[in-house]
Each structure stands twice: as C-alpha cells, then as structure tokens.
Amino acid sequence: MIKRIVKMSFRPDAVETFKIIFETNWQRIKGFEGCSHVELLQDENQPTIFFTYSLWQSEVHLNAYRDSELFKGVWGATKALFSNKPEAWTVKQIDFPG
C-alpha cells in the first residue's frame, strides 16, 4: 500500500472551479482499479492551497491511473488553474513494533 500526497496552489479566482472539478470526478478516481481512498484537504490558513491524499495498492496502480484518460482530463483542467507548480510525494507508512 502506498500513499500519495499532492499539494496544489490555485489562483484565488480558480478555487471554486477546482472544487467543482474535484467533486465531479472524485468518485471515479476512487473507483479506479487499485485506489482504495481519495480525499481533498484545504489549508486552514491559506484557502488557495489544497492537498489530495490517496491510497493505492501499488505504484503500478498509481501509474496506471496517471496514464489514464481520466487523469489526463482531470489534470488538464486542474493545472490551468494553478498559481504555483504542484508538489507530489509518494510515501509509505513506517510501522514500529509494539
């Protein structure tokens, strides 16, 4: 299981448009093979900054999504709204005994 975090900064006039894009597509993203969870988070102090947090069975599944028509459509519409370059991390949980 991998976790994907993406930070996105939007122009103030584009925030509502992005929310509509995400709301329209999040169930399709969540339903993509290998995705078990996806959520949208908004910064408390900087309302133009958002994060997506998603859980994927593997990097192979994440890459299949990133190569899909769904991703290309969502990302194409979303990136036109950015005020800064997005940042992304693929992370894994570290478990400690006990």
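Would you check which residues across region 5-28 are farther than 14 Å from residue 39 by Cβ and part of a helix (DSSP H, G or I) and list them? Hits for region 5-28 are 12, 13, 14, 15, 16, 17, 18, 20, 21, 24, 28. Of the residues making up region 37-54, those that are touching a residue at least 24 places away in the same chain (Cβ under 8 Å) and not in a loop (DSSP other than H, G, I, E, B) are 49, 50, 51, 52, 53, 54.
Among the conditions (1) out of contact with any strand residue (DSSP E or B) (no Cβ under 6 Å at 6 or more places or on another chain); (2) surrounded by fewer than 16 Cβ atoms within 10 Å (Cβ to Cβ); (3) not hydroxyl-bearing (Ser, Thr, Tyr), the only one that residue 74 does not satisfy is (2). Of the candidates 69, 16, 39, the single residue that is among the acidic types (Asp, Glu), surrounded by fewer than 16 Cβ atoms within 10 Å (Cβ to Cβ) and within 12 Å of the chain's Cα centre (by Cα) is 39. For the structure I just gave you, tell me whether residue 97 is part of a loop (DSSP other than H, G, I, E, B), free of Cβ contacts under 8 Å to residues at least 60 places away in the same chain and either of a type in the set (D, E, K, R) or surrounded by 10 or more Cβ atoms within 10 Å (Cβ to Cβ) (or both). The answer is no for residue 97. Every residue in region 24-35 that is surrounded by 12 or more Cβ atoms within 10 Å (Cβ to Cβ), over 26 Å from residue 11 (Cβ atoms) and over 12 Å from the mean Cα position of the chain (by Cα), please. 32, 34 - these are the residues of region 24-35 that are surrounded by 12 or more Cβ atoms within 10 Å (Cβ to Cβ), over 26 Å from residue 11 (Cβ atoms) and over 12 Å from the mean Cα position of the chain (by Cα).
Since every read-out is calculated from the coordinates, none of them should be taken as a lab result. Just so we're clear, the structure is a prediction, and the values are computed from it rather than from any experiment. Note: ideal-geometry Cβ built from the backbone for every residue, glycine included; neighbour counts use all protein chains shown.
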